[in-house]
1. Given the range 19-74, report the % of alpha carbon pairs whose separation exceeds 17 Å.
2. Return the long-range amide H neighbours of S29 (sequence gap of 5 or more, or a different chain), with a cut-off of under 5 Å between placed amide H atoms.
3. If you line up the Cα atoms of the range 140-184 on their principal axes, what length do they span on each, largest first, in Å?
4. Collect residues whose amide H, placed 1.01 Å from N in the peptide plane, falls under 5 Å from the amide H of A137; neighbours closer than 5 in sequence don't count.
5. What percent do you get for the relative contact order of the range 67-118 when only Cα pairs under 8 Å and 6+ apart count?
6. Can you pull the three principal axis extents for the Cα set of the range 98-198, in Å, largest first?
7. Using helices alone, what [θ] at 222 nm do you get for the chain, with -39,500 (n - 2.57) per DSSP H run of 4 or more residues, divided over all residues and rounded to the nearest 500?
8. Can you tell me the relative contact order of the chain? Whole percent, Cα pairs under 8 Å, sequence separation 6 or more.
Amino acid sequence: MKKIGRVAIDHVLDRPHTDPKRVALMGISYGGYFAIRIAANDARVKALIPNSPILDLHSYMTSFAGLDAAEMPDENDFRLADLEHIPDEVMPPQLREMAGNLMRRMGRDSFKQTYIRLREYRVSESDLKRIVCPALALVGAGEGEEPIAQAKRFRAGVGGPVAAHIFTPEEGADGHCQTANLAYSAAVSMDWLDETFA
């Protein structure tokens, strides 16, 4: 992750008219985890917006799934090749697509092995302390207890100034990554950046 983040920031800074004092990094969904890891290891990030701040990807995904697939019996496990043969009444098409995307993203052929791999994706307290740039933690009130708890741990653990916004049902943005009101989510983020870099 350090290398990929470094290359991406190198690219941004090589562009004409980039102000190195105003390099902001936003991570959405899984990107919240990766943005935190990059900011912890590259001081050229001058502002960070994790949406949501994910510190433990395994616990985060387990909370969404309602089960820990890493603990499932082997006979209940399934592979990428099995997905197209699972009936809709057993697993709806959207869920099959999401499971397949997760397995491919994690480089694993089995759903159980994917969740075992997710255990490796954790941000340590020392990683958080190294984040000294201003940060804005975004999370939806409807995302559940685990995402909200991880957002609180992020706010308590970072080494620099941190602000937060918990999106509410009244804002029409309480779901994961505020997909029901992206314009409002963007407005919150951009307003914060304007104030941060003023």
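1. Numbers: 722 of 1540 pairs.
Cα-Cα pairs in the range 19-74 separated by more than 17 Å: 47 percent.
2. Placed amide hydrogens put N51, S52 under 5 Å from S29.
3. Taking max minus min along each principal axis of the Cα atoms, the range 140-184 gives 32, 21, 14 Å.
4. Under 5 Å from the amide H of A137: A163, A164, H165.
5. Values: 40 pairs, mean separation 28.0, N = 52.
Once divided by the residue count of the range 67-118, the mean separation gives 54 percent.
6. 47, 34, 23
7. On the way: 8 runs with 89 residues, N = 198.
Computed mean residue ellipticity for the chain: -13500 deg cm²/dmol.
8. Values: 315 pairs, mean separation 42.2, N = 198.
Taking the mean separation of contacting Cα pairs over the length of the chain, I get 21 percent.
The numbers here are math on the coordinates, done by the rules we state, and not lab data. Just so it is clear, the model here is predicted, and its values are computed rather than measured. Every residue, glycine among them, receives a Cβ derived from its backbone with ideal geometry; neighbour counts consider all protein chains shown.
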